[in-house]
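Engineer: Starting off with a structure, shown below.
The values are calculated or read from the model by the stated rules, or taken from the named source; none is laboratory data. The shown structure was predicted, so the numbers you read here are calculated from the model rather than taken from an experiment. Here the Cβ positions follow ideal geometry from the backbone for every residue, glycine too, while neighbour counts run over all protein chains shown. Ligands, DNA and RNA are stripped out before the accessible areas are found, and what is left, the full protein with its side chains, is counted by its heavy atoms. Shrake-Rupley method; radii C 1.70, N 1.55, O 1.52, S 1.80 Å.
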Amino acid sequence: MNENRPLTILIAALGGEGGGVLNDWIVGCALDQGLPVQATSVPGVAQRTGSTSYYVEMMRSPAPDGAQPVFALSPMPGGVDVVVASELLEAARTIERGFVHPKRTTLISSSSRVYTTQEKMQMGDGRFDESLAHAAARRLSAKYLTLDMAALAAEHRTVISAVMFGALAGSGVLPWSREVCERIIRAGGVGVATSLAGFGAACDAVATGAAHEAFAAAQPAGRAAPEMWAPLLATLPAAMRENAAHGVVRVLDYQDAAYARQYVDRLQRLAAAAGDAQGQPMVARALAEAARYLALWMSYEDVIRVADLKSRRSRVERIRSEARARDGEIVRIVEYFKPGVDEVASVLPGGLGKRLRDWAVKNNRLDTLNRGMHLPSTHVGGFLMLRMLAKMRRMRRGSLRFREEQEAIERWLAALEKMLPLSPVFAAALAEVPHVLKGYGDTHRRGRASFARIFDTLVVRALESSTPPGADAAQELRGAIAAALAEPEGRELEKTLEQAGIVPLPPVAKPIVWMKKPRTSRSQEAVPSR
């Protein structure tokens, strides 16, 4: 290593994570050791959203008498010795911009994620594949260190910058000891105890090599189904069992044991339809996806489910942890609801709910009676209201939406049973059609319309065809699913269906709403200028 070459450090963080404090700590340590140092920063565009970068250059040893080193104000691609990132995608951005060099750069990154707006906007699973970022980091850096910085920060009730500083110190790239870092943290005088705790935990994890082990152990294993269900799950094909085990847990939590048994019975029907072809790759894929999407569909979201999830102790504990509330501190949680006629009708008994919804559609009231509500769930009244809604789970089987969902599920299952032996490639695509069904309210109505449109066109055409559908038909079906998830209004779906030879629907007429101009007093009227 060339001792005359400056040590260059790039900090990639998000606004509000304390990156400026970390920058100051590094500069403070360098000055404490008599090392010439310079630091610059580029702030993000908004708190907790904008990417913020800090760049530090310093000499590795004190400058000779009379010498005045010249430092750069910004990092150069390929010229950074250490990159520290508070979030995995921020690390990937530094790689994409060329700051990480495979023969020079030590990359220290958190394995945690703060999802981007683009990821959250997707109707389907729009999350970036994290394995790609880890693979690129390992391949394109001289040394890659990763640990869950967000979890360590939450565990020790500190900001992530303290954890980043600890990981940096534990990596051995700094030209000073751990004790110097701890002394500078104490000199700051603010949040010293928690900062030192987060710093020490990260420093130990990186220095001992436990960071990699912790990252490997943190991969989600999920919850297994209770042992009493094991003999029943063992009757399913191997391709189904893992998803079915998670599905049983979900459906049990959603309704009851009888509903979970119905879930397994439905899977057994599909396995029987596949017959001896269960081991074929496409058939196995179809069965595995069917087990996953059937569990999600059978545990659809309604106001009963939402009320149950929002009033659970685990959720309150998670919010208190995220707010870093100490024992004895009060955290008030206010829920925002905007129920409409459709949400109310969906949980009413079938006949009554249908009459209410038909009346709302006929009188154009389906979307006009929504009323925003702010419900304090940590208040006794708000909590009891949520629990009363959650207790309606026992009445769910008689509700309008339960009846409609079960009818649609049976229609999908019947199509799958027919296609599994005839066209495994089409059956694999058909198993993914429930992916377009999301949420409740407006989101559910749009998803239900997309599902019905896809099923009534491409699926029915395949079912009624005299020859089994092939790979082209399966590709058209997957394209329709992707189009429905890409744009909620259905325009992209209609374009895709038109390309598949389906006559597009006519444009939907939208009513014109006339609004009265609000009255203004004479004092509010504008005075004409002269």
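Engineer: Determine whether the stretch 73-83 contains at least one residue that is open to solvent by less than 50 Å² (accessible area, probe 1.4 Å), at pLDDT 90 or above, at positive phi and touching a His at 6+ places or on another chain (Cβ under 8 Å).
Structural biologist: Looking for residues that are open to solvent by less than 50 Å² (accessible area, probe 1.4 Å), at pLDDT 90 or above, at positive phi and touching a His at 6+ places or on another chain (Cβ under 8 Å), one finds at least one in the stretch 73-83, hence yes.
Engineer: Can you run down the residue pairs with Cβ atoms below 7 Å, 6 or more apart or on separate chains, where the first is in the stretch 112-128 and closer than 22 Å to Ser86 by Cβ and the partner is in a loop (DSSP other than H, G, I, E, B) and open to solvent by 100 Å² or more (accessible area, probe 1.4 Å)?
Structural biologist: As it stands, the answer is Tyr115/Arg127; Glu119/Arg127, since those pairs meet every condition given.
Engineer: Which ones in the stretch 140-174 are basic (Lys, Arg) and buried (at least 21 other Cβ atoms within 10 Å of the Cβ)?
Structural biologist: Matches in the stretch 140-174: none.
Engineer: Considering the stretch 339-377 alone, what residues qualify as being assigned to a strand (DSSP E or B) and open to solvent by less than 90 Å² (accessible area, probe 1.4 Å)?
Structural biologist: Pro349, Met373, Leu375, Pro376
Engineer: Pro421 is checked against (1) out of contact with any Leu (no Cβ under 7 Å at 6 or more places or on another chain); (2) closer than 24 Å to Gly501 by Cβ and fails just one. What number does that condition carry?
Structural biologist: Failed condition: (2).
Engineer: Test of understanding: among Thr520, Thr496, Thr457, Thr467, which residue is open to solvent by 80 Å² or more (accessible area, probe 1.4 Å) and modelled with pLDDT of 90 or more?
Structural biologist: Thr467
Conditions tested, residue by residue: (1) open to solvent by 40 Å² or more (accessible area, probe 1.4 Å); (2) within 28 Å of Lys438 (Cα to Cα); (3) assigned to a loop (DSSP other than H, G, I, E, B); (4) out of contact with any Cys (no Cβ under 8 Å at 6 or more places or on another chain).
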residue	(1), (2), (3), (4)
Gly98	no, no, yes, yes
Pro102	yes, no, yes, yes
Ile108	no, no, no, yes
Val114	yes, yes, yes, yes
Ala133	no, no, no, yes
Arg138	yes, no, no, yes
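Engineer: Restrict the check to the stretch 79-102 and report whether at least one residue is of a type outside the set (Lys, Arg), touching a Pro at 6+ places or on another chain (Cβ under 6 Å), over 26 Å from Ser195 (Cβ atoms) and free of Cβ contacts under 8 Å to residues at least 24 places away in the same chain.
Structural biologist: yes
Engineer: Right, here's the next one. I need every pair where a residue in the stretch 164-185 that is under 21 Å from Ala13 (Cα atoms) has its Cβ under 8 Å from the Cβ of a residue that is surrounded by fewer than 19 Cβ atoms within 10 Å (Cβ to Cβ) and of a type in the set (Lys, Arg), sequence separation at least 6 or different chains.
Structural biologist: Ala169/Arg178; Gly170/Arg178; Ser171/Lys143
Engineer: Within the stretch 172-195, track down each residue that is under 15 Å from Val21 (Cα atoms), part of a helix (DSSP H, G or I) and not polar (S, T, N, Q).
Structural biologist: Passing the criteria: Cys181, Glu182, Arg183, Ile184, Ile185, Arg186, Ala187, Gly188, Val192.
Engineer: If you scan the stretch 92-136, which residues turn out to be farther than 28 Å from Leu493 by Cβ, aliphatic (A, V, I, L, M) and out of contact with any helix residue (DSSP H, G or I) (no Cβ under 6 Å at 6 or more places or on another chain)?
Structural biologist: Val114, Leu132, Ala135
Engineer: Name the residue that is farthest from Met282 (Cα to Cα), counting only residues in the stretch 452-505 that are assigned to a helix (DSSP H, G or I), touching a residue at least 24 places away in the same chain (Cβ under 8 Å) and among the β-branched types (Val, Ile, Thr).
Structural biologist: Filtering the stretch 452-505 for residues that are assigned to a helix (DSSP H, G or I), touching a residue at least 24 places away in the same chain (Cβ under 8 Å) and among the β-branched types (Val, Ile, Thr), the one farthest from Met282 (Cα to Cα) comes out as Thr457.
Engineer: Within the stretch 297-338, can you find the residues that are touching a Gly at 6+ places or on another chain (Cβ under 8 Å) and in a loop (DSSP other than H, G, I, E, B)?
Structural biologist: Glu301, Lys338 - these are the residues of the stretch 297-338 that are touching a Gly at 6+ places or on another chain (Cβ under 8 Å) and in a loop (DSSP other than H, G, I, E, B).
Engineer: On to the next question. Got at least one residue in the stretch 396-416 being open to solvent by less than 10 Å² (accessible area, probe 1.4 Å), within 13 Å of Tyr293 (Cα to Cα) and small (Gly, Ala, Ser)?
Structural biologist: Within the stretch 396-416, not a single residue is open to solvent by less than 10 Å² (accessible area, probe 1.4 Å), within 13 Å of Tyr293 (Cα to Cα) and small (Gly, Ala, Ser).
Engineer: Condition first: closer than 20 Å to Gly98 by Cβ and in a helix (DSSP H, G or I). Now tell me which residues in the stretch 140-153 satisfy that.
Structural biologist: Within the stretch 140-153, just Leu140 meets the criteria.
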